[in-house]
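Inspection log for the structure reproduced underneath, given as C-alpha cells.
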Amino acid sequence: MNKFLSTLFTVACVLLVSTIGPIDTVSAAQKGRSPIDYFDVMHDGQVAGEVRVNTANAKTPTYALAADGLTPNTKYTFGYYNTPAGDPHLLGSKDTTKSGVLRMLGTLRPDDVQDLESALFWVAETGPGDYHEWIHGIRLYQNGWFIAQLAVYYSTDGGVTWHESVLTSNLLRGESITMPLESLGVPEHALVKIHVIVKAGKDRTGTEVFETDYSYLTYWGFYYAEYEIAGTTGNPKLTYNGVDIME
C-alpha cells in the first residue's frame, strides 16, 4: 500500500472512531421503495457533501457526488471503505472548480454495492501518481474553427518520460472521433493524457491522466474519456466531459 493509501487508511480509522454520528447512512428502506441510497462524504473529519447511489439497474449502478468547501482548482480522489481494515475502493478523480466544488458522475461495479450500508465515503487531495482512472479509449468532439488532429502522450515509467502518438487524419468543425488507445500504439497499463494538435494554432493538452486497461469490460462496454475542443486557432479551448461507457 503506497503512502497515499496508507494515509487514507489512517484517516478512515480516525473517522470511524471519532465521527460515527455524521457518517451514518440513510438507507433505501428508509426512503420507501426508492432505489437511491444517500451517503455522507467525509473530508478531514467533516461532512463535505453527499453521494447518491442509484441501484435501479442492478447491472450498472451509478453514483452522483456533490461536495463543497474543498481547495479550489485541486485534484481530488473519491472512494470509500467498507471497514477501516479493508483496502479503499477508488471510484475516480477530478479537479475542483475555482470555487472549491467537486461534482462527479460514474458507474459502480455490481460487486461494489453489496456492502454499502456500512460504507465510509471520502474525498482526499490526490497525491502525485496515486490514482488514475482506467480507460479503454478517447472520444473527441471537434467544434472549433480550425483543423485538428487527435494525439496522446503516454508513459510506461510512471510519468517520468512521455511519448507522443498522433492520429494523422484531420478533424473538421462538427466532426468527432472515437479511438481505442490500443489503436494508437499505447501499451496496456500505461499512463495517458490527451493532446490535440491545432493546425496553424495553439495545441492543447489535457490535465487529466488516465491508465489504459484493455481488459476491463462492463456489461455495457468499455470506458472512454470524452473531450471537446472549440474556439479559434488563437484560443482553442479543450474541455473534459468525463468518462462514458461505449460498446
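The mean sequence distance of close C-alpha pairs (under 8 Å, at least 6 residues apart), as a share of the length of the stretch 134-246, puts its relative contact order at 34 percent.
Annotation: the residues D40, D244, sorted from fewest to most other C-beta atoms within 10 Å of their own C-beta, follow the order D244, D40. For the cross-link pairs K98/K202; K94/K199; K75/K237; K75/K193; K94/K202, the ones whose C-alpha atoms lie over 18 Å apart are K98/K202; K94/K199; K75/K237; K94/K202. Over all pairs of different C-alpha atoms, the stretch 134-246 has a mean inverse distance whose reciprocal, the Kirkwood radius, equals 14.0 Å.
Since every read-out is calculated from the coordinates, none of them should be taken as a lab result. The model shown is predicted, which means the values in this text are computed figures rather than measured ones. With ideal geometry, Cβ positions are generated from the backbone for all residues, glycine too; neighbour counts draw on all protein chains shown.
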